[in-house]
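Notes for the one structure printed next.
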Amino acid sequence: MAGSGYSAWRVLRVGLRGGSGWGPAWRSPAPQPAYDVVVIGGGGHGLATAYYLAKTHGIRRVAVLERAWLGGGNTGRNTTIVRSNYYHRESAALYDLSVKLYEGLSRELNYNIMVSQRGIITLLHSRHDLDAARRWVGAMALNGVASRMLDRADVARRIPLLDMDPGARYPVMGGFVQERGGTARHDAVAWGYARAADRLGVDIIQQCEVTGFCRDAGGRVTGVETSRGTIMAGKVAMCAAGNSSVLADLAGFRLPVRSHALQAFVTEPVKPVLDTVVLSLATGVYLSQSDKGGLVIGGGLDMFPSYAQRGNIATLQNVLGTVADQYPALGRARLVRQWAGTVDVVPDSSPILGETPVPGLYINCGWGTGGFKAIPAGGTLLAHHLATGTPHPIAAPFGLARFTSGALIDEAAASGIAH
């Protein structure tokens with residue numbers, strides 16, 4: 001296997017050699033003719049699924065197929081936020097599992113993913129926000145997720161940059177905080193899972209686009225057609241985020257998924273001015289400060305369907321104008337980067353996990369704007385289903401069949417944010 005264990009001693013030893021001595025973190029193998037499981041998508045969810053298949057369930061004849069480069073999709077194109085402050089019981093169980101896994105992930109993977117549990121504060125701007133937040137915080141308490149309400153003085157103390165004038169365009173009436181929320185380094189999450197999966201025998205195959213599915217006489221998926229030839233598989237899992245509907249079309253079924261661009265921005269580095277993550281309930285704009293000093297900013301979706309990894313000027317103006325309104329001191333900060341991911345939005349803003357209508361084909365999609373924070377849980381839950389043939393109890397409510405039964409988990413309505 002590529003690479004070896006990382007340690008302080010090894011960093012010192014290699015450093016004394018001028019940095020030489022680091023091998024590749026993972027292999028670049030040619031695809032084998034057949035695997036027990038093929039995972040489509042080399043982002044966080046695909047890599048995590050492969051890792052937990054190998055580590056937890058002992059299934060090591062696994063290939064991860066990525067049409068471009070590892071982590072080049074949404075995993076490398078997000079605002080790095082980790083949280084579990086969700087309203088519904090089913091969502092709380094799923095996302096809190098992910099937070100718990102993130103808390104120990106650096107040690108488990110022997111790779112520093114830079115988890116920073118600096119807290120996430122949700123700002124409230126009206127008495128309606130306050131009423132909704134009290135119910136929200138109460139629901140989280142019932143679901144075992146710690147959070148608490150903040151009054152105006154608490155918010156002003158925690159976020160000195162915020163315009164707290166009662167006459168502000170977005171007057172702040174309070175907030176609530178989940179202290180266990182925070183951030184993690186997005187590319188480190190992908191690299192850590194890739195390296196750990198590779199060490200367990202998983203083949204990570206980049207520049208390998210899936211172009212079709214192989215079927216037997218009964219219609220069961222038995223493999224995939226790719227730009228690098230046919231690869232047979234006992235089971236196939238799709239972890240392709242905004243491109244999930246494209247793959248579903250190739251497999252012959254439709255998903256209740258619409259793909260949109262979600263933009264993010266980062267400013268020039270500035271001195272430490274923000275030690276938490278902040279989300280405005282009225283505007284959907286959120287920001288945090290990175291370890292390098294840049295302010296990482298996100299907002300709402302580009303509201304037209306698109307598979308493009310870029311954004312539009314109207315959304316950029318809206319998001320950055322809101323930041324300048326709410327944080328006047330940042331009005332002259334200069335942007336250094338902008339990017340967008342292709343997110344997979346479903347009607348109830350909750351993920352789809354488990355079996356598809358096509359036998360032998362499984363799916364992990366529908367995370368919308370929340371995919372990064374759910375990577376460890378998404379991989380754990382899908383790996384369980386692939387290995388055992390039954391959904392994990394936490395994943396069971398998120399099956400595709402809920403769109404037929406009507407048992408939706410409407411986190412969009414619960415959060416009060418339009419997208």
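The values are calculated or read from the model by the stated rules, or taken from the named source; none is laboratory data. What you see is a predicted model; the values in this text were computed from it and never measured. FYI the Cβ positions are ideal-geometry reconstructions off the backbone, even for glycines, and counts take in every protein chain you see. Surface accessibility is based on the protein's heavy atoms, side chains included, excluding ligands, DNA and RNA. Shrake-Rupley method; radii C 1.70, N 1.55, O 1.52, S 1.80 Å.
Give the residues of the stretch 375-405 that are over 19 Å from Lys235 (Cβ atoms) and in contact with a helix residue (DSSP H, G or I) (Cβ under 6 Å, 6 or more places away or on another chain), sorted by residue number.
Ile375, Pro376, Ala377, Ile394, Pro397
Here are Ile113, Ile121: which of them is under 26 Å from the mean Cα position of the chain (by Cα), buried (at least 16 other Cβ atoms within 10 Å of the Cβ) and part of a loop (DSSP other than H, G, I, E, B)?
Details: Ile121 fails: part of a loop (DSSP other than H, G, I, E, B).
Result of the check over Ile113, Ile121: Ile113.
Looking only at residues that are open to solvent by 70 Å² or more (accessible area, probe 1.4 Å) and modelled with pLDDT of 95 or more in the stretch 165-179, which one is farthest from Pro328 (Cα to Cα)? Full working, then the answer.
Within the stretch 165-179, the subset open to solvent by 70 Å² or more (accessible area, probe 1.4 Å) is 165-166, 169, 173, 179.
Subset that is modelled with pLDDT of 95 or more: 165, 173, 179.
Working: Asp165: 11, Met173: 18, Glu179: 26 Å.
Out of the qualifying residues, it is Glu179.
Determine which single condition Leu162 fails, assuming it passes every other condition in (1) assigned to a loop (DSSP other than H, G, I, E, B); (2) open to solvent by 20 Å² or more (accessible area, probe 1.4 Å); (3) in contact (Cβ under 8 Å) with a residue 24 or more places away in the chain.
Failed condition: (2).
Of the numbered conditions (1) open to solvent by less than 30 Å² (accessible area, probe 1.4 Å); (2) at pLDDT below 95, Ala197 fails exactly one; give the number of that condition.
Of everything listed in (1) open to solvent by less than 30 Å² (accessible area, probe 1.4 Å); (2) at pLDDT below 95, Ala197 misses just condition (2).
Working only within the stretch 48-65, note down all residues that are in contact with a Ser or Thr (Cβ under 8 Å, 6 or more places away or on another chain), outside any strand (DSSP E or B) and open to solvent by less than 20 Å² (accessible area, probe 1.4 Å).
Ala48, Tyr52, listed by residue number.
Does Val273 count as among the hydrophobic types (A, V, I, L, M, F, W, C), modelled with pLDDT of 95 or more, touching a strand residue (DSSP E or B) at 6+ places or on another chain (Cβ under 7 Å) and buried (at least 16 other Cβ atoms within 10 Å of the Cβ)?
On the way: among the hydrophobic types (A, V, I, L, M, F, W, C): yes; modelled with pLDDT of 95 or more: yes; touching a strand residue (DSSP E or B) at 6+ places or on another chain (Cβ under 7 Å): yes; buried (at least 16 other Cβ atoms within 10 Å of the Cβ): no.
Answer is no for this residue.
Inspect all residues belonging to the stretch 28-40 and state whether any of them is open to solvent by 30 Å² or more (accessible area, probe 1.4 Å), of a type in the set (Asp, Glu) and outside any strand (DSSP E or B). I'd like the intermediate steps shown before the answer.
Our first condition is that a residue be open to solvent by 30 Å² or more (accessible area, probe 1.4 Å); within the stretch 28-40, this holds for 28, 30-34, 36.
Within this subset, residues satisfying the condition of being of a type in the set (Asp, Glu) are 36.
Still in the running and outside any strand (DSSP E or B): none.
There is no residue in the stretch 28-40 that is open to solvent by 30 Å² or more (accessible area, probe 1.4 Å), of a type in the set (Asp, Glu) and outside any strand (DSSP E or B).
Within the stretch 124-142, track down each residue that is surrounded by fewer than 20 Cβ atoms within 10 Å (Cβ to Cβ) and touching a strand residue (DSSP E or B) at 6+ places or on another chain (Cβ under 6 Å). Full working, then the answer.
Here is the first cut: in the stretch 124-142, the ones surrounded by fewer than 20 Cβ atoms within 10 Å (Cβ to Cβ) are 126-128, 130-132, 134-135, 138-139, 141-142.
Correct list: Leu130 only.
Which condition number in (1) in a loop (DSSP other than H, G, I, E, B); (2) in contact with a strand residue (DSSP E or B) (Cβ under 7 Å, 6 or more places away or on another chain); (3) crowded, with 24+ Cβ neighbours inside 10 Å is the one that Tyr86 fails?
That leaves (2) as the condition not met.
For the stretch 301-333, how many residues are open to solvent by 50 Å² or more (accessible area, probe 1.4 Å), of a type outside the set (Gly, Ala, Ser), farther than 24 Å from Pro272 by Cα and assigned to a helix (DSSP H, G or I)?
3
Return the pairs, sorted by first residue and then second, in which the second residue is of a type in the set (D, E, K, R), the first residue lies in the stretch 140-158 and is outside any loop (DSSP other than H, G, I, E, B), the beta carbons are less than 7 Å apart, and the residues are 6+ apart or on different chains.
Listed by first residue and then by second, the contacts come to Met149/Arg134.
Suppose we filter the stretch 283-300 for residues that are surrounded by fewer than 20 Cβ atoms within 10 Å (Cβ to Cβ) and more than 13 Å from Thr369 (Cα to Cα); how many remain? Before you say what the answer is, go through the steps one by one.
Kept after step one, since they are surrounded by fewer than 20 Cβ atoms within 10 Å (Cβ to Cβ), are these residues of the stretch 283-300: 290-294, 300.
Going one step further and asking which of them are more than 13 Å from Thr369 (Cα to Cα), we end up with 290-294.
Here the count works out to 5.
Looking for something farther than 24 Å from Glu108 by Cβ, surrounded by fewer than 21 Cβ atoms within 10 Å (Cβ to Cβ) and among the polar types (S, T, N, Q) - is there at least one such residue anywhere in the stretch 147-154? Walk me through how you get there before you give the answer.
Step one: filter the stretch 147-154 for residues farther than 24 Å from Glu108 by Cβ, giving 147-154.
Remaining after also requiring surrounded by fewer than 21 Cβ atoms within 10 Å (Cβ to Cβ): 148-149, 151-154.
Those still in the list that are among the polar types (S, T, N, Q) too: none.
The answer is no, given that none of the residues of the stretch 147-154 is farther than 24 Å from Glu108 by Cβ, surrounded by fewer than 21 Cβ atoms within 10 Å (Cβ to Cβ) and among the polar types (S, T, N, Q).
Answer yes or no as to whether Gly19 is part of a helix (DSSP H, G or I), free of Cβ contacts under 8 Å to residues at least 24 places away in the same chain and over 13 Å from the mean Cα position of the chain (by Cα). I'd like the intermediate steps shown before the answer.
On the way: part of a helix (DSSP H, G or I): no; free of Cβ contacts under 8 Å to residues at least 24 places away in the same chain: yes; over 13 Å from the mean Cα position of the chain (by Cα): yes.
It is false that Gly19 is part of a helix (DSSP H, G or I), free of Cβ contacts under 8 Å to residues at least 24 places away in the same chain and over 13 Å from the mean Cα position of the chain (by Cα).
Within 19 Å of Tyr193 (Cβ to Cβ), open to solvent by 20 Å² or more (accessible area, probe 1.4 Å) and aliphatic (A, V, I, L, M): does that describe Ala25?
Numbers: within 19 Å of Tyr193 (Cβ to Cβ): yes; open to solvent by 20 Å² or more (accessible area, probe 1.4 Å): yes; aliphatic (A, V, I, L, M): yes.
Yes: the conditions hold for Ala25.
Looking at (1) over 19 Å from the mean Cα position of the chain (by Cα); (2) within 30 Å of Ala401 (Cα to Cα), which is the only condition Ile375 fails?
For Ile375, the failing item is (1).
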